[in-house]
Ligand code: SF4
């Protein structure tokens, strides 16, 4: 273990200097169907202590995820590697933007050790964007996966990666390390990319998912969307078709929640019935697994969902 940190939380202006000049978008009151569990269980406190002790960052905290009370009660934390500072500035995201520091060479072992202590049967590892690195951080992802294979061999591994900015060989490096699930989120519909994901390109993200299946057709692929940013139902259905064309297995859809008044304005809350309808469409289009609800996030219930995903493929192969 190395690199223990316990930093004071950054102020809003420090986290998002690039958004400071933007006009305020008032945050609408959440509807009754969005209710979250307060983070106050002993397991929550224990998970937090372990993360600080190992000097690890989690997307649960950095993205201010509404599910943290529930997930951490079960010690399900999603690790965020390569620091807590992102080189991009997506309009929906609460992760801090800025110039990241050097990679911690001890991080892969620290994560594997923490996974053992948490007793995780399935782990999700994500990262900030590291466009400053020659390989976009792909090599570090591979080292984390390899450390997990070595030190926590019974744990299945899901990675949720950035697009690596099309850096040559990056996708191949991560696939070669053999995660069980390769997740990359499209996040929103192509029309909204210039405002919501200005540093990304829709077809680069889609191509990444396609490429994973080209390299290893047996690897599970997964992608996620947020709704509530102004997209239409028809646009979402088109994205589903694009993802199926890339042979993506698992689709997650959740409600966008505006982190601060400086973030992208919330357009509307989709109702639980609308999420159900989207899930029905997605299943009809052939995804092996679909999770669509207001509080669905990429890593929400990821372990249980992975077990279902494997079962769904096994059942499909039998028919
Ligand atoms: S849904 Fe994912 S990011 Fe949110 S608290 Fe749970 S594990 Fe963390």
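The values are calculated or read from the model by the stated rules, or taken from the named source; none is laboratory data. Keep in mind that what you see is a predicted model, and the values were worked out from it rather than measured. Note that each Cβ is placed from the backbone with ideal geometry, even for glycine, and that neighbours are counted across all protein chains shown.
Some observations on this one:
- For residue 296, the conditions (1) within 28 Å of residue 31 (Cβ to Cβ); (2) within 12 Å of the ligand (Cβ to nearest atom); (3) assigned to a helix (DSSP H, G or I) are fulfilled apart from (3).
- Filter pass, residue 70 being touching a strand residue (DSSP E or B) at 6+ places or on another chain (Cβ under 9 Å), under 26 Å from residue 188 (Cα atoms) and outside any strand (DSSP E or B): no
- Counted residues, segment 218-231 - those being in contact (Cβ under 8 Å) with a residue 24 or more places away in the chain and either out of contact with any strand residue (DSSP E or B) (no Cβ under 9 Å at 6 or more places or on another chain) or in a loop (DSSP other than H, G, I, E, B) (or both): 5
- Residue that is farthest from the ligand (Cβ to nearest atom) [pool: residues in segment 84-108 that are surrounded by 19 or more Cβ atoms within 10 Å (Cβ to Cβ) and within 14 Å of residue 55 (Cα to Cα)]: 108
- Set 208, 309, 278: member being closer than 22 Å to residue 79 by Cβ, part of a helix (DSSP H, G or I), more than 16 Å from the ligand (Cβ to nearest atom) and touching a strand residue (DSSP E or B) at 6+ places or on another chain (Cβ under 6 Å): 309
- Summed over segment 73-83, residues that are within 14 Å of the ligand (Cβ to nearest atom), buried (at least 20 other Cβ atoms within 10 Å of the Cβ) and in a loop (DSSP other than H, G, I, E, B) total 3.
- Residue that is nearest to the ligand (Cβ to nearest atom) [pool: residues in segment 47-64 that are at pLDDT below 95 and in a loop (DSSP other than H, G, I, E, B)]: 63
- Residue 301 at positive phi and either within 19 Å of the chain's Cα centre (by Cα) or loosely packed, with under 14 Cβ neighbours inside 10 Å (or both): yes
- In this structure, residue 36 does not satisfy being modelled with pLDDT of 95 or more and within 16 Å of the ligand (Cβ to nearest atom).
- The residues of segment 13-46 that are in a helix (DSSP H, G or I) and closer than 26 Å to residue 116 by Cα, listed by number, are 42, 43, 44, 45, 46.
- Taken over segment 262-273, residues that are free of Cβ contacts under 8 Å to residues at least 40 places away in the same chain and either within 19 Å of residue 192 (Cβ to Cβ) or touching a strand residue (DSSP E or B) at 6+ places or on another chain (Cβ under 6 Å) (or both) amount to 1.
- Among the residues of segment 130-159, those identified as under 23 Å from residue 303 (Cβ atoms) and part of a loop (DSSP other than H, G, I, E, B) are 152, 153, 154, 155.
- Within segment 216-267, the set of residues being surrounded by 19 or more Cβ atoms within 10 Å (Cβ to Cβ) and at positive phi comprises just one member, 228.
- The single condition among (1) surrounded by 14 or more Cβ atoms within 10 Å (Cβ to Cβ); (2) touching a helix residue (DSSP H, G or I) at 6+ places or on another chain (Cβ under 8 Å) that residue 40 does not satisfy is (1).
- Residues located in segment 168-197, provided they are on the phi < 0 side of the Ramachandran plot, more than 18 Å from the chain's Cα centre (by Cα) and not in a helix (DSSP H, G or I): 168, 177
- Residues in segment 90-102 include none that are in a helix (DSSP H, G or I) and either over 16 Å from the mean Cα position of the chain (by Cα) or without any contact (Cβ under 8 Å) to a residue 40 or more places away in the chain (or both).
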